[in-house]
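I have placed the structure first, in the form of C-alpha cells, so that the comments after it can refer back to it.
The values are calculated or read from the model by the stated rules, or taken from the named source; none is laboratory data. Since the model is a prediction, treat every value here as computed from it, not as a measurement. Note that we place each Cβ from the backbone using ideal geometry, even for glycine, and neighbour counts take in every protein chain shown.
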Amino acid sequence: MTTVLPDTGVGPLLRDWREQRRISQLELALRADSSARHISFIETGRARPSEDMVLRLAEQLDVPVRERNALLVVAGYAPRYAQTPLDDPAMASLRESIDRLLTAYEPYPALVVDGTYGVVAANRGIALLLEGVPEKLLTPPVNAMRLTLHPEGLAPRIVNLPEWRADLLAQMDRQIALVRSPELRALYDEVAGYPVPARAGGADRAAGSDGTGPERAAAFALPMLLEHGGRVLSFVSSIATFNTPMDVTVAELAIETFLPADRETAAYLHAHVPS
C-alpha cells in the first residue's frame, strides 16, 4: 500500500491531521510539550520542526505508522519505521504466532488481513464458510472485501446483506479518511460498485440459525447472517491490531475473529470443522 501526499510541506499536513482529530493548537501543544505559537509556526511553514517534534506530533495525533514515515520524508528526514515483508526470515516468529492464534480459535472462523484487506492467513473455520466460492476469487492474492461483497462470493449467502454491506463500506470509508492510499480507494470503488444480488434466503430467513426461528440473534451487535448447509449461521465479528508497532507491515495487520452469536452456530461449527 502506498501513500500519496501533496507537495505542500509538512506543516499543512500536520494541520490536516490535527483538524481531522478535532484538536486545537493549544491542546496539541500541551500534549506535545510545546506551545500553541510554535505549533502555529510549524503549520504555516514559518518554523521547521525537528525530527523529534514531527514524531511527537504524529504520536499525539495518532497518525498511522506508514503516514508517520511520509511526514518525516516531507519534513526532510529519513523514514523511522521499517517495512519488512511477512515472508522475511525476521518475521518467522510473528508468522508462527499468528498461525498458532488462528489454530487455537478453531472451530470458529478467524483470519488476518493487511492494510488493503489482502488475506495473509486464515483458519479452517474460514475455509468452511468459503465452500462453494469460485476458484477465481480464492486464487492469490485473495482479498477479504472481494470475497465478501462479490456477487459470486459470499454476498448471495449473506441474509442481511444490505446491513452488512453498508457496515463494511462504512468501515472502509473510515480507514480511507485515515490513510491516503490509492489502492484502498480503488478497492472501495470496486466493491461499492458490485451489483447487490438478491438475498438467497430472503428477509424472512434472517431469524434463527436454521432459518425458521422466531428471534433474531445477536441483538447486542450487528450480526453477519450467513447461509451454509441449509442453515443460517450467525456471527459477530471483532478486529484486533498490534499495540505500539514499530514496523509498517505489522502496524497494518488486523486479526478478525467471528464469534458465534448463538448456540446453534457454535454447535454447527464444532460438528463441521475438523478437530
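Odds and ends about this structure:
Conditions tested, residue by residue: (1) among the hydrophobic types (A, V, I, L, M, F, W, C); (2) part of a helix (DSSP H, G or I).
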| residue | (1), (2) |
| --- | --- |
| Glu43 | no, yes |
| Pro49 | no, no |
| Gly76 | no, no |
| Met91 | yes, yes |
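- Close Cβ contacts (under 8 Å, 6 or more residues apart or on different chains) running from residues in the range 170-187 that are in contact (Cβ under 8 Å) with a residue 40 or more places away in the chain to residues that are loosely packed, with under 13 Cβ neighbours inside 10 Å comprise Arg180/Val4; Ser181/Thr2; Ser181/Val4; Pro182/Thr2; Pro182/Val4; Glu183/Thr2.
- For Gly202, the stated conditions do not hold, so it cannot be described as on the phi > 0 side of the Ramachandran plot and at pLDDT 90 or above.
- Meets criteria (at pLDDT 95 or above, among the acidic types (Asp, Glu), assigned to a helix (DSSP H, G or I) and on the phi < 0 side of the Ramachandran plot) for Glu67: no
- Among the residues of the range 220-275, those that are in contact with a Ser or Thr (Cβ under 8 Å, 6 or more places away or on another chain) and aromatic (Phe, Trp, Tyr) comprise Phe235, Phe258, Tyr268.
- All positions within the range 128-148 that are surrounded by 15 or more Cβ atoms within 10 Å (Cβ to Cβ) and within 28 Å of Ala267 (Cβ to Cβ): Leu128, Leu129, Leu130, Val133, Ala144, Leu147, Thr148
- Single residue of Ala219, Ala177 found to be part of a loop (DSSP other than H, G, I, E, B) and either modelled with pLDDT under 90 or among the polar types (S, T, N, Q) (or both): Ala219
- In the set Arg68, Arg56, Arg100, only one residue is assigned by TED's automatic domain parsing to the domain that holds Leu233 and under 26 Å from the mean Cα position of the chain (by Cα); that residue is Arg100.
- Condition check for Pro140: in the same structural domain as Leu259 (by TED's automatic domain parsing), closer than 30 Å to Arg21 by Cβ, out of contact with any Leu (no Cβ under 6 Å at 6 or more places or on another chain) and modelled with pLDDT under 95: no
- Of all the residues in the range 263-275, those that are out of contact with any Pro (no Cβ under 8 Å at 6 or more places or on another chain) and surrounded by fewer than 19 Cβ atoms within 10 Å (Cβ to Cβ) number 5.
- Test: residue in the range 25-46 that is under 23 Å from Val248 (Cβ atoms) and modelled with pLDDT under 95: no
- Of the set (1) touching a residue at least 24 places away in the same chain (Cβ under 8 Å); (2) more than 21 Å from the chain's Cα centre (by Cα), all apply to Val119 but (2).
- Tabulated pairs, the range 95-107, first over 16 Å from Val119 (Cα atoms) and surrounded by 13 or more Cβ atoms within 10 Å (Cβ to Cβ), second of a type outside the set (A, V, I, L, M, F, W, C) and at pLDDT below 95, C-beta under 9 angstrom, 6+ apart or interchain: Glu106/Pro274; Glu106/Ser275; Pro107/Pro274; Pro107/Ser275
- Among the candidates Glu256, Glu227, residue that is under 18 Å from Glu131 (Cα atoms) and part of a strand (DSSP E or B): Glu227
- Among residues of the range 26-40 that are part of a helix (DSSP H, G or I), those with a beta-carbon under 6 Å from a residue that is β-branched (Val, Ile, Thr) at least six positions away or on a different chain give the pairs Leu28/Ile39; Ala29/Ile39.
- Only listed residue being modelled with pLDDT under 95 and either among the aliphatic types (A, V, I, L, M) or crowded, with 20+ Cβ neighbours inside 10 Å (or both), chosen from Ala207, Ala254, Ala192: Ala207
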